[in-house]
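Below you'll find the structure, written out as structure tokens, and then a few comments.
Bear in mind these aren't lab numbers, they're just calculated from the coordinates by the rules spelled out. Keep in mind that this is a model prediction, so the values were computed, not measured. FYI the Cβ positions are ideal-geometry reconstructions off the backbone, even for glycines, and counts take in every protein chain you see.
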Amino acid sequence: MKPLSQTIWKQGSLAVAIASGVFLVLMGGLLLFNQAQGKVAGLVQSTELVRLHNELRQRPQDEELKQRIRKLDLQLRQNSFTELRISHNGASAMIVVAGLFLASAHLVRKQRQKLPDPLAWGPRRPVEENRTRLKTQYAVAAMFGVAAVAAVGTSLQAVRLPSPPAPVQAAAVRFPTSAEMRENWPAFRGFDGSGYREVAAIPAAWNVASGQGIRWKTEVPLPGMSSPIRWTNALFLTGANAQSNVVYRFDADKGQLVWSTTLRNPGNKMPEPKVMEDTGLAAPTPVTDGQRIYAIFANAEVAALDFSGKQIWCRILGPLDNPYGHAASLAIYQDRLLVQLDQGEATSKLVALNTSTGQELWRVARPIVGSWASPIVVEVEAKPQLITCGEPWVISYNPLDGSELWRVNGLGGELAPSPAYTGGKVIVCNPGSDVRAIPANGSGDLSTNLAAWKTDAGVPAVSSPACDGQRLYLLTGDGQLSCLDPGSGQVKWSHEFKDDFYSSPAIGGNRVIIVSRKGVAHVFENADQFHDLGQSELGENCNATPVPDRQCLYLRAGKHLFCLEESAPVAVKSPEK
Amino acid sequence: MPQVVAQRFPPPQFTETSHLLPVPTEPAVRALWLDYLDIGVLIAALVLVSWLVLRRRSRSGVVGVGIFSVLYFGFWRKGCICSIGSIQNLSQALFDSSFGVPLTVLAFGLVPLLFALFFGRTFCAAVCPHGALQDLVLLKPVKVPNWLDHSLRMLAWIYLGLAVVFAATGGGYIICQYDPFVPIFRLSGSLTMVLFGVSLLVVGIFVGRPYCRFLCPYGVLLGVAASVSKWRVRITPDTCTQCRLCEESCAFGAINKSAVDAPSQPRATDKRRLILLLVLLPVLIAGGIGLGGLAGGTLAGKHRIVNLAERLQLEESGAVQDTTDASAAFRAGNNSIETLYADARALHHRYVVAARWCGAWIGLVIGLKLLSLAIVRRRTDYEADQAHCLSCARCYRSCPQELQRLGLPVPETPKPANG
């Protein structure tokens, strides 16, 4: 190669190397800047778009808002894809130029390469080399130290999983018999959700002012829409405010508050659900199996307590998003606590928890838009069924494993009335439409099957039906009470009360009681004809369902828990604290 | 468990318009013959490079194949399939009998190792696109001090252990997740990984192949295989004259100097150190096991099931009040949270056990490394370090004997200088 061309070659490659190097730096900087602008991810990360979408949920008919969203969406898409294209083209150009840079830089390097000069390095020094070897050993050993520090450091962020449930001792597992369950009032509307007690003493009337017919009256510290449950001489209630979810035990004979326990979940957090005032934070009624009390609240905090008030377990079943607030009461079958959590089609579910440990035994997703009805557990042909209602399905499950037994389509609206069961048929209320009886011995989707009967007379919107096997009572929100033959659906009689009702009727022996929202109780005969027995006022509003007992009636009103009896001393007893 | 599937961009919001969303389709399966082509190209490239390095002693040939590998295995095949990543598939298959390994993965995992057993690390020389790319950017090599070079090389062993732990437990393929060069080959990737890759290349202008030497877990295996290779790189084609010209020619610190000054009998201090290190070896292994147990719990958190269980536990306990996409999808599905917890606990235990093994492995490797450094070898010639030599053929032309063989002018060589 001639000297001139050699010089040109040398200078040329240097110039190319410098120019391409500068290009790489500038282009790299530009691409980084472009990335930092966030335009590529703008569409998925646009806070403005999210804000507008949220606004649209509030104003779904706002055409101008829709246009703004469309415009912004299009603009963000265009920006995003333009920037992606720029990034891709820029990166491609960088790769090509990097190749040029490397080729020219290698040429420059080759031209400037000098032969090694070992003489300049001086003689090898064995002592120094030996020292270097030792230094290397220390450095390698230090790597173990680095790894150790890293291991200890990371261990500080170790995963914390819930401990495996302790094995349940066989002796502790004893399920109450049906007779025991019937003798007590262990759940919302009684053992099987029928609102019926065979032997009971519902007083025909009482007088709060004079104390006549009031065995005792005790203040409940915190509010709640839940109803009382009873097991032997213990009455249990729940109440809540924004800070606390509390379970109360009252002495059923004397009315004393025996204990109150504020739930403590493992995280000691108190999620604040959005609830309507009519629902409140303690709408679901607790349930008991005679050994423990189980309670759930609007924030999905669910817990088990023993009869001494000691919390056995407590957990939060995930955040709930129920438009009115969670209201479905708990159900129980043997060692399974059954929790119906209907919140929306994507998140409605039914969960079974082990009553001893709170451990989840099974969970099924429910195709339910939402509901406020409580599940009931009944025996159909000697097999247990868990009956649930929600828009649009009535679904029966096996409470042991959550497998679906049958389902019927057709429920609509905001479903609050719980189902009832009598004579092999499930009675369900379809608010604003009808009440129907569904044979409970089918399997699969029974939607096309004809109901045993159907009626549009006195369809409740909130309160649940009550049935003693002979008569079915339906109470509408505006006070129309209907008595039906549960076998045929024929209306035996109906009566209109000029009042508003949320609570469900309760049947005790040959009497029936209904209580209006204003706290006015009506007692009438459990008979084939309407026969009014009395009307009394509690002096407080009332949304809870009465609990008939062998010798009295328990009733939760706005601020007090009442024990009412047929004949009582005139003076009101204030229970000893 | 339901998969959480999300479109890259949210679809248009208003279905009442006439816009029709395209139906998502699955890409067609890659033709089988293309897989066989990849295997064929791999074997052909390995044969060619082995021949170029060991027979032709041609640096330019190696560079040529390197450029081809960068273009074919790198930019054309997008860095996948990759021998480095295949470690994970093979590990998972070893610990999970239900996991199948495709023939291509098997070939890319084992064939380079087989070649290393016979011909040294010729795969690293120019067939691996990662290595070839770094080799091409090396412009002004600087010598990394011995102590730093040897200690940083330990990182690759640790990385290998962790990669096997994660793959064997189903926790993910971390080698692929943290591959610095694949985003460059694909012109797409997270900014962090792109920057990591570019940084390695910039460092690689001065420090020879930083990823290959200090991080590559496959290089570790190749090094072990190459250390017993039948045919190997020899710096001189003839007899070493101790001219020292090759001493600084290796950009990767893979030339072992002659040790003509080594004492005929080991010194007492060396003996004592050796005994101390032999005693230390089980201590390091035991320490590694203990430390592995400590770290196992954290490593388990990288598994999606354990991670989800931990998240749900936080939500259940009320420690957090919002949900993640994964927890919301789980709750929406027909899933039992207790089953998830049980699975997570089993996985957690598995991770702790695997991490203990990994700790033992790290302790063993570091202990053996310390022992190897304590043993003074009596070399008479300047030799390529069989385990660390990347067969790049750079050192050949530093040897006057080689220049003489090629008929090139031989520079004046100094007298042997051994101190």
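Shape class for the stretch A:405-446, computed from the alpha carbon gyration tensor (a ≥ b ≥ c): oblate, with a/c not under 1.5 and a/b at or below b/c.
Per residue of A:117-130, how many C-beta atoms from partner chains lie within 10 Å of its own C-beta, taken as a mean?
The per-residue average across the peptide is 5.
Overall size of chain A from C-alpha positions, given as principal axis extents largest first: 127, 65, 47 Å.
Debye-formula intensities of the protein assembly as shown, expressed as log10 I(q)/I(0) at q = 0.10 Å⁻¹, are -1.14 (one equal scatterer per alpha-carbon, no solvent). Our coupling estimate for the stretch B:51-60, obtained by passing each phi through the Karplus curve with A = 6.51, B = -1.76, C = 1.60 and θ = phi - 60°, is 5, 4, 6, 8, 9, 7, 6, 10, 5, 5 Hz, Gly and Pro reported as x. By the beta-carbon count within 10 Å of each Cβ, the least crowded to most crowded order of A:404, A:360, B:315, A:48, fewest first, is A:48, A:404, A:360, B:315. For residue A:259, the residues 5 or more places off, or on other chains, whose built amide H falls under 5 Å of its own are A:249. If I histogram all Cα-Cα distances within the stretch B:268-374 using bins 5 Å wide from 0, what percent of pairs lands in each bin? Final binned percentages: 3, 12, 16, 14, 11, 9, 8, 7, 6, 5, 4, 3, 1, 0, 0.
Could you point to the residue in A:75, A:6, A:104 farthest towards the positive end of the stretch A:3-110's charge dipole, with +1 and -1 charges on the Cβ of Lys/Arg and Asp/Glu respectively? My answer, from the dipole projection, is A:6. The distance linking the stretch A:532-549 with the stretch B:369-412 is 101 Å (Cα centroid to Cα centroid, whole angstrom).
Of all aspartates and glutamates in the structure, the ones whose alpha carbon falls short of 17 Å from that of residue A:135, not counting any fewer than 8 places away in one chain, are B:149, B:270.
Cross-link pairs exceeding 29 Å between alpha carbons, from the set A:254/A:518; A:383/A:454; A:425/A:518; A:110/B:230: A:425/A:518; A:110/B:230.
Separation of the stretch A:386-453 and the stretch B:291-338, taken as the distance between their Cα centroids, equals 35 angstrom.
What per residue convex hull volume, in Å³, do the alpha-carbon atoms of the stretch A:415-484 yield?
Values: hull volume 5.8 nm³, N = 70.
Output value, Cα hull per residue: 83 Å³.
Of the complete DSSP H runs in chain A, those spanning 20 angstrom or more by Cα along the long axis with a mean Kyte-Doolittle score not below 0.0 are A:3-37, A:126-155. Under 5 Å from the amide H of residue A:461 lie the amide H atoms of A:477, each residue being 5 or more positions distant or on a separate chain, with H modelled from the backbone and absent for Pro and chain starts.
How many percent of the alpha carbon pairs in chain B exceed a separation of 40 Å?
Working: 25360 of 87571 pairs.
Distances greater than 40 Å cover 29 percent of the Cα pairs.
Taking the alpha carbon gyration tensor of the stretch A:3-110, multiplying each eigenvalue by 5 and rooting it gives semi-axes of 51, 10, 8 Å, largest first.
Within the set of other residues whose C-beta is less than 13 Å from the C-beta of residue A:434, count the net charge using Lys and Arg as +1 and Asp and Glu as -1. List each step's numbers first, then the result.
Numbers: positive: A:436, A:454; negative: A:456.
Here the count lands on +1.
Remark on the stretch A:491-555: hydrodynamic radius 12.1 angstrom, per the Kirkwood mean of 1/r across alpha carbon pairs.
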